[in-house]
Structure formats: C-alpha cells, structure tokens
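Worksheet: one structure, shown below.
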2 protein chains.
Amino acid sequence: CNAMKQSNVDLLVVDIMSSDVTTIHEDAGFHDAAKIIMEKQFNHLPVVDSGNHLVGIVTAWDISKAVAKDEHDLVKDIMTRKVVTTCPDEAVDISAFKLDSNNVSALPVIDSNKHVVGIVTSDDISKLLARRH
Amino acid sequence: CNAMKQSNVDLLVVDIMSSDVTTIHEDAGFHDAAKIIMEKQFNHLPVVDSGNHLVGIVTAWDISKAVAKDEHDLVKDIMTRKVVTTCPDEAVDISAFKLDSNNVSALPVIDSNKHVVGIVTSDDISKLLARRH
Ligand SMILES: C[S@@+](CC[C@H](N)C(=O)[O-])C[C@H]1O[C@@H](n2cnc3c(N)ncnc32)[C@H](O)[C@@H]1O
C-alpha cells in the first residue's frame, strides 16, 4: 500500500471503511453465503482460509450467477480468487480509482498479514458526495 | 424532481447515468432475472408492467435472498415495490443523498411517464472521485 499514498484528498480508507465485516470460510456452502448476505444486508463477503487469510470474495452477484447456471456449489467454487484489496492507510481517491478501473463495487481492507480488517464500498465513497451537500 | 434542483454541484444525473438499461417484466421468473443479471454484468434490474411503467426493482441481492429462503418465485414476488427513483435533470449530489439515506446502490432514472430511461449507481458516483484524481 505504501507506494501509493500521495494524494490531494485527505481522507484515508480507515476513515470511511466498515470495520464490522463478516467473512466466510472457503469450504462453506453457497447457501450459507446467501444466508449471511441476506442477514447482514450487504453484497460482498470476503472469503478466508483456515488461517483467516483472505483468499477470495463472494458477492450476491456470484450467487445470482450460480442460480442462472444451475450450479449450487461451495463458496470456493463460485468466489473470485484474484481480489483487489486496499489497506487502512490508503487514500480514499486511490480506492475510488481501484474500484473504477477494476469494475468492482467493494474492496476488502487487509492488514500486513492478509487478515481482513474492514471493507470499503462505492456506497461509502458515494456518501462522501451526499454529505458534502 | 423539480423541487430538489438547487445544488452546488453542476453535474446532473443525465451526465453520468447509463442509458442502455435492461428491464424485466414483473411476470418473468426468478431464473430469468438471474440470467439477465449474469449476462449484462450488473446488479440492478428495473421491473416493468405491460405498459412499460416502472413497478419495482430486482437485484442480485434479492436473488441471493430468495436462495437463502429457498423460495424460487416470480420476479413480482421477490422484487422491491417501493422504488426510490431519480430523473435526468436531478443534481448528482441529490442522487447521492437518496442512495445514502435509503441504503441502496442504484436509482432507476424515469421520465414523466414512469418509463425507465437510465440507471445511476453508487459506482457511477464513486467514479467522479476517482476521475478527479
Ligand atoms: C437493502 S439493499 C442492501 C444491499 C445493497 N446495499 C444494495 O443496494 O443492493 C438491498 C435491497 O434494496 C432494494 N433496492 C435496490 N435499489 C433500490 C431502489 N432504488 N429503490 C428501492 N429499493 C431498492 C433491492 O431490491 C434489495 O431488496
């Protein structure tokens, strides 16, 4: 993260991220992921291994896709493995750029051990504009 | 829309919305909605009646919820009926405020006949910050 800290916007990821993020184990079922997404009312669920390291992300969209394809598998079969991430001390506009250029709506926030410490979404960034009003 | 046009941000919804929006009929099946969401690579699908008027919205999240509850119904059974909308000449920061205060990620853009002419998402608004960089 350190390489990209220069920015003209003062806010950092840590200032706007949600830190009460729920994760799911890669061996959990598709149905369990759907349940957590429903209960927690969010779209993005970071996936971890037994050492609690980030190994993927599964979203409501991935579940909808599995429905469309009639595949009802394990989380590890439907998750995206190459996760675009951020870290707490990254500038918010760098995160906005990562969201845009990778065409995703959320970035898990990880520490140096690849443990998930939060999540930042385009909803969070959109709020900055709403609150400036 | 006209009541809320005052703003200190110049951009209007029409400047940032996607206008190639796909809609689905309320009598379509849950599985058809999942297929469109997969093929078009988006999360939000405005739902219309036979007169092409907006009557709801169905998202990947609603499909995931139906999976969690083991309900595989028609679009009209799983859609959200009370849709928060915007119109082309609304200021972008008003839309950002509506997204935030209603805890949603997208607003269908409608004309005076309740026909869907576009969609604006928090991804679109987050991009504004990315591109300012
Ligand atoms: C409460 S949000 C939670 C997940 C996430 N924040 C999102 O917006 O998809 C999900 C619910 O919002 C509904 N929804 C999405 N956009 C909407 C809109 N413009 N107006 C009303 N409901 C909407 C969906 O149908 C879904 O049931």
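Loop exposure criterion: trypsin sites (Lys or Arg not before Pro), DSSP state outside H, G, I, E and B, at most 10 other Cβ atoms within 10 Å. Applied to chain B, the longest stretch between such sites is B:1-80. Across the identical copies, the label point of B:Leu74 (7 Å from Cα in the Cβ direction) is separated from its matches by 3.9 nm, in order from shortest. Close amide H pairs (under 5 Å, H built 1.01 Å from N) link B:Glu90 with B:Val13, B:Val14, residues at least 5 positions away or on another chain. Averaged over the residues of B:65-73, the number of partner chain Cβ atoms lying within 10 Å of the residue Cβ comes to 5. Taking amide H positions as modeled 1.01 Å from N, with prolines and chain starts lacking one, no residue 5 or more places away or on another chain lies under 5 Å from A:Val104. Under the combined filter of DSSP loop state and at most 16 neighbouring Cβ atoms within 10 Å, segment A:26-72 retains these GluC sites (Glu not before Pro): A:Glu71.
Here's the picture: charge each Lys and Arg Cβ at +1 and each Asp and Glu Cβ at -1 in chain A, and of A:Ile63, A:Ala34, A:Leu11 the one pushed furthest to the positive end of that dipole is A:Leu11. Note on B:Ile63, B:Ile37, A:Ile24: ascending count of other Cβ atoms within 10 Å places them as A:Ile24, B:Ile37, B:Ile63, the fewest first. Checking the Cα-Cα distances for A:Lys40/B:Lys65; A:Lys65/B:Lys76; A:Lys127/B:Lys98; A:Lys69/B:Lys114; A:Lys69/B:Lys69; A:Lys35/A:Lys114 against a 21 Å cut-off, the pairs over it are A:Lys69/B:Lys114; A:Lys35/A:Lys114.
Which residues does a label at A:Ser19 reach in segment A:104-132, if reach means a backbone N under 12 Å from a point 7 Å past the Cα toward the Cβ? It comes to A:117-119, nothing else. Compute the Cα gyration tensor for the protein assembly as shown, then decide on rounded, prolate or oblate, letting a ≥ b ≥ c be the square roots of its eigenvalues: rounded whenever a/c is under 1.5, prolate when a/b is larger than b/c in the other cases, and oblate in all that remain. Since a/c reaches 1.5 but b/c is at least a/b, the shape of the protein assembly as shown is classed as oblate.
In the protein assembly as shown, the calculated helix contribution to ellipticity at 222 nm averages -10500 deg cm²/dmol per residue, counting -39,500 (n - 2.57) for every DSSP H run with n ≥ 4. If one computes the Cα centroid of segment B:107-126 and of segment A:38-52, what distance in Å separates the two points? When both Cα centres are located, 29 Å separates them.
In terms of its Cα atoms, chain A spans 46, 34, 25 Å along the principal axes, sorted from long to short.
Coordinate-derived values only; no laboratory data. Only a predicted model underlies this, so the values are computations on that prediction, with no experimental measurement involved. Every residue, glycine among them, receives a Cβ derived from its backbone with ideal geometry; neighbour counts consider all protein chains shown.
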